[in-house]
Amino acid sequence: MTGGNRGWILRGALLLCLAPPLHAQAPYVPDVTEAREKEWRKLVAASQAAYASGNPADGVDPARRGLALADELFGADDPRTLISANDLALQLESTGRYREAEGLYRRVFDSYLRTRGEDDPNTQLAVENLVDFYIARKRYDAAEPLADYAMASFRRTTGSGSARSRRMEQILAAMPRPAPPIAAAAPTQPSGVVANGAMNGADGPVTSMSPAATHENDVEKAPSEGLEATRESGP
């Protein structure tokens, strides 16, 4: 799923699920509040238009201003605020500002998980965004537990055979796995020791050994260290 599709799907779900704010918001003042909400809608429209036209850099400023206004006007967990947070995350990801984008994707997911529960459709869409974000960065250590979580949620709500459940299964199956550990080599016989059965003559017993061999029991033996398997991790 591409970043654009993720964004539009999540945005559509959010718009369909508008609900009363769950945290403190600015007090309602006739005309003033309505004018500021109208301003927020214009900022959202400008940000989304820039993203849709392939110019995400032009959408960063209106998205950032829209989020700041939504935080103040609606409250941190209001769905309208999360629309702005998701919009800004999309713009930042598309312009290479991954650290800030990650924080915003996390914010959207954490807010829905906390206020609506793990199987809410908005929570599911938000965790898909995070999985796709980490996979694109090759950060499999971060993506794997979220993909496991998403797959379990999809199986509960849509069934094991649903497209979304299968997609998470495929993502998990395609992730690189650690190589099996390399077995330690068998200890080699200390140098200077003549093996049992070695003979001076054709059939005669051993008649002499090197000085090192006479102190074989004094030699400290330890298996060679095995190589620890490593796993690829993303930036």
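The values are calculated or read from the model by the stated rules, or taken from the named source; none is laboratory data. All values derive from a computational prediction rather than experimental measurement. We place every Cβ from the backbone using ideal geometry, glycine too, and count neighbours over all the protein chains shown. Calculation scope for accessible area: heavy atoms of the full protein, side chains included, ligands and nucleic acids excluded. Shrake-Rupley method; radii C 1.70, N 1.55, O 1.52, S 1.80 Å.
In table form, for the structure just shown:
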| item | result |
| --- | --- |
| Residue, most open to solvent (accessible area, probe 1.4 Å), within the range 124-163, restricted to residues that are free of Cβ contacts under 8 Å to residues at least 12 places away in the same chain and either farther than 20 Å from VAL108 by Cα or not in a helix (DSSP H, G or I) (or both) | ARG155 |
| Residue count for the range 101-117, restricted to those that are of a type in the set (D, E, K, R) and surrounded by fewer than 16 Cβ atoms within 10 Å (Cβ to Cβ) | 2 |
| Scope the range 76-89; condition assigned to a helix (DSSP H, G or I) and either over 17 Å from LEU43 (Cα atoms) or open to solvent by less than 10 Å² (accessible area, probe 1.4 Å) (or both); matching residues | PRO79, THR81, LEU82, ILE83, SER84, ALA85, ASN86, ASP87, LEU88, ALA89 |
| Matching entry among LEU92, LEU73 (being modelled with pLDDT under 95 and open to solvent by less than 20 Å² (accessible area, probe 1.4 Å)) | LEU73 |
